[in-house]
Amino acid sequence: MLNQSQMREVLDTLKDMFPEADCELNHENPFELLVAVVLSAQCTDALVNKVTKELFKKYKTPEDYVNVPLEELQEDIRSIGLYRNKSKNIRKLSQMLIDEYDGVVPHSKVELEKLAGVGRKTANVVAAVAFDEPAIAVDTHVERVSKRLGICRWKDSVLEVEKTLMKKVPKEEWSETHHRMIFFGRYHCKAQSPQCDICPLLHLCREGQKRMRKREKASNV
């Protein structure tokens, strides 16, 4: 597990590598962001952006999603994985926004999690990006990077990863760190082909050092 000074080095290095890291889901308001994040579950941001380019021209408000036949909405997002469940959840959360929040996306993470199809990760993303609330959303990239670098333990659950990061990262850096860890995992410390040989954090990363030893051993055979 990394100590405090090592954790500071990780945060500073991520800042140097990805100073402009931000949410890559295209949106123009909190409601569009909420829909986009729901659509992004087990799906790439690039594909979501491709779909929402036309979707957000057709659907502007929660009422628009509620008033269209479910089959039509499903067809509009058909290229996205789990489109049937996602279309149902988007309609349900839209109805909840109308009935309980006057059609306005709530700021509170607790209130966001009450919406259909909105889990802790989605609530954290919306709160951080749309409302500048300090939050760390743990997706597959954040979880992988946290465990590889030894910020947390391999056996830790997603919730445990989030709580560990909240303890080790200064609160005022939560949201930016979340984005930088995503970029680091998406573009550098990839799931299948991490760039360990050129990684500025290799000296701190036991996983990376192990991979490099294996690579060196294989090349000497």
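The values are calculated or read from the model by the stated rules, or taken from the named source; none is laboratory data. Here the structure is a predicted model, which means the values were calculated and not measured. A quick note on method: Cβ atoms are made from the backbone with ideal geometry, for glycine too, and the neighbour counts reach across all protein chains shown. What goes into the accessible areas is simple: the full protein's heavy atoms, side chains included, and nothing from ligands, DNA or RNA. Shrake-Rupley method; radii C 1.70, N 1.55, O 1.52, S 1.80 Å.
See the values below:
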quantity	calculated
Heavy-atom accessible surface of the chain: percent carbon and sulfur, 1.4 Å	50
Charged-residue dipole, Cβ positions (Lys, Arg, Asp, Glu), region 102-221 about Cα centre, Debye nearest 20	1000
For region 86-154 versus region 1-67, the gap between their alpha-carbon centres in whole angstrom	11
Prolate/oblate/rounded label for region 88-152 (Cα gyration tensor, a/c 1.5)	prolate
Length released on extending from Asp12 to Ala218, taking residue separation times 0.36 nm less the Cα-Cα span	70.8 nm
Radius, Kirkwood style, for region 7-109 when every pair of distinct Cα atoms is counted (Å)	14.9
Glu28/Ile198 FRET efficiency (R0 41 Å; Cβ-Cβ; nearest 0.05)	0.65
Candidates per GluC sites (Glu not before Pro) in region 14-58, loop by DSSP, up to 13 other Cβ within 10 Å	Glu20, Glu28
Neighbour cut-off at most 14 other Cβ (10 Å), DSSP loop, chymotrypsin sites (Phe, Trp or Tyr not before Pro), region 129-186	Trp154
Accessible-area order (highest first, 1.4 angstrom probe) of the listed residues Arg153, Arg213	Arg213, Arg153
Residue among Gly81, Gln192, Ala128 farthest towards the positive dipole end of region 81-208, charges placed on Cβ	Gln192
Acute angle (nearest 10 degrees) that the helix 120-131 long axis makes with the longest principal axis of the chain, alpha-carbon atoms	80
Estimated dipole of the chain in Debye, rounded to 20 [Cβ of Lys and Arg +1, of Asp and Glu -1, Cα centre]	1480
Hz values of 3J(HN,Hα) by residue in region 92-100 - Karplus curve (6.51, -1.76, 1.60), Gly and Pro given as x	5, 5, 5, 5, 5, 4, 5, 6, 10
Label assignment, volume of the Cα convex hull per residue in Å³ derived from the structure, set (i) 191; (ii) 130; (iii) 139	(ii)
Highest-MSF residue in the chain out of Asn26, Asn49, Asn85 [GNM, Cα springs under 10 Å]	Asn85
Residue-wise HN-Hα coupling along region 161-175, computed from phi with Karplus coefficients 6.51, -1.76, 1.60 (Hz; x: Gly, Pro)	4, 4, 5, 5, 4, 5, 7, 8, 9, x, 3, 5, 10, 4, 5
Percent RCO, i.e. relative contact order, over the chain, from Cα pairs under 8 Å lying at least 6 residues apart	22
Linear extension gain, Lys53 paired with Asn67, 0.36 nm per residue minus alpha-carbon span	3.0 nm
Karplus-derived 3J(HN,Hα), 6.51/-1.76/1.60, for each residue of region 46-55, Hz, glycine and proline x	4, 5, 4, 4, 5, 6, 6, 4, 8, 4
Per residue solvent-accessible surface (Å²) - region 107-199, probe of 1.4 Å	45
Subset of Lys58/Lys109; Lys15/Lys58; Lys50/Lys167; Lys86/Lys147; Lys190/Lys217; Lys58/Lys167 violating a 32 Å alpha-carbon distance limit	Lys15/Lys58; Lys50/Lys167; Lys58/Lys167
